[in-house]
């Protein structure tokens with residue numbers, strides 16, 4: 001009897017249970033068993049096989065309706081030590097598992113690839129890509145599961161904060177989760193109609209200095225003031241911190257890192273730092289702006305999936321089982337035009353780093369250009385029009401020459 005192992009790695013995303021449930025049901029239809037492995041690679045990389053659960057189809061049929069993960073998830077990294085990779089293979093073998101389905105982001109995909117290599121063909125592996133960040137290199141236009149739900153929930157949060165700001169005449173800085181790309185900040189901010197959205201991709205490959213981010217937000221604030229609007233929301237992708245030099249922001253110095261070497265962005269009070277700096281600079285010129293801040297991310301990861309993500313993850317779960325039973329291995333399970341398309345792991349890897357490639361927001365698309373046109377920023381034409389420049393300068397309590405220098409796009 002074939003036996004499937006299923007585990008979840010990385011952070012949660014809406015739809016994890018959909019993949020798990022669909023895989024269990026599909027495996028059972030082929031006469032196979034399914035063993036759920038708790039907490040990702042955490043226990044099996046230590047050689048501990050006691051944290052597992054045999055899953056049956058009747059228990060799994062409605063799993064796709066719920067957020068979170070019945071198998072939990074963890075960021076444990078088995079690739080850092082050779083003995084951990086060896087323990088993973090030994091643990092899976094002792095459990096009788098010959099097919100492994102991993103559900104996770106780029107780090108889990110890399111770990112799955114290494115486990116498959118270590119097993120030398122004895123265990124076939126399929127990875128189902130998951131991240132609310134939408135930054136895995138899937139075919140153009142194909143989202144990672146969980147993104148649709150997270151974008152919807154994120155837009156709802158921003159929408160409510162915008163209404164609060166309109167009602168109370170204040171500004172908010174919303175820092176949106178997204179380590180390496182701005183997909184979630186752009187998607188949620190655009191859907192909510194936020195007047196300003198800042199993502200790493202608009203700065204290209206260059207380093208992003210804190211002062212430049214602050215001036216962009218300040219420019220939107222004073223332009224709105226010049227239009228009679230003392231309120232608004234600036235959506236800022238947390239991934240901007242990844243491109244900031246340490247001397248740009250004191251909070252980046254000596255910051256802790258996770259199991260995969262990433263900066264713990266949640267430990268950096270980015271929104272509060274922006275709020276305090278903006279309040280201080282504007283107040284120093286006699287411009288009073290009430291301002292607050294909010295980090296948005298954790299509340300998006302375990303929500304009940306949207307209809308799109310439910311449908312999507314059911315397909316991916318079945319697709320993973322079908323791919324493995326057909327003899328495929330070391331593949332990423334994707335859906336394109338309603339067809340399951342397994343992609344070899346090697347197509348996802350950056351040959352220079354050996355890690356999974358990152359899908360960034362393409363700033364040359366209409367999707368981004370339209371979002372940019374709908375925002376409220378100080379544009380070159382504002383600075384060339386004497387009347388508009390004078391209004392912005394008056395709102396900022398600067399001379400026109402000072403305003404032109406301070407808010408000129410760079």
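Name the residues in region 27-54 that are buried (at least 20 other Cβ atoms within 10 Å of the Cβ) and at positive phi, would you?
40
So which residues in region 153-204 are surrounded by fewer than 23 Cβ atoms within 10 Å (Cβ to Cβ) and at positive phi?
169, 193, 204
Would you say residue 92 is assigned to a loop (DSSP other than H, G, I, E, B), in contact with a strand residue (DSSP E or B) (Cβ under 7 Å, 6 or more places away or on another chain) and at negative phi? Spell out how you get there, then give the answer.
Numbers: assigned to a loop (DSSP other than H, G, I, E, B): no; in contact with a strand residue (DSSP E or B) (Cβ under 7 Å, 6 or more places away or on another chain): yes; at negative phi: yes.
Considered against the rule, which asks whether it is assigned to a loop (DSSP other than H, G, I, E, B), in contact with a strand residue (DSSP E or B) (Cβ under 7 Å, 6 or more places away or on another chain) and at negative phi, residue 92 comes out as no.
For (1) free of Cβ contacts under 8 Å to residues at least 12 places away in the same chain; (2) within 23 Å of residue 1 (Cα to Cα), each residue gets a yes or a no:
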| position | (1), (2) |
| --- | --- |
| 307 | yes, no |
| 317 | no, yes |
| 322 | no, yes |
| 340 | no, no |
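Just checking, how many residues over region 151-166 are over 21 Å from residue 132 (Cα atoms) and either without any contact (Cβ under 8 Å) to a residue 12 or more places away in the chain or in contact with a helix residue (DSSP H, G or I) (Cβ under 8 Å, 6 or more places away or on another chain) (or both)?
Summing the residues that are over 21 Å from residue 132 (Cα atoms) and either without any contact (Cβ under 8 Å) to a residue 12 or more places away in the chain or in contact with a helix residue (DSSP H, G or I) (Cβ under 8 Å, 6 or more places away or on another chain) (or both) in region 151-166 gives 3.
Can you name the condition, by its number, that residue 95 falls short on among (1) in contact (Cβ under 8 Å) with a residue 24 or more places away in the chain; (2) surrounded by fewer than 24 Cβ atoms within 10 Å (Cβ to Cβ); (3) within 23 Å of residue 346 (Cβ to Cβ)?
Failing condition for residue 95: (3).
Of (1) surrounded by fewer than 19 Cβ atoms within 10 Å (Cβ to Cβ); (2) assigned to a strand (DSSP E or B), residue 293 satisfies all except one. Which?
Unmet condition: (1).
Since every read-out is calculated from the coordinates, none of them should be taken as a lab result. If you're wondering where the values come from, they're calculated on a predicted model, not measured in any experiment. Note that we place each Cβ from the backbone using ideal geometry, even for glycine, and neighbour counts take in every protein chain shown.
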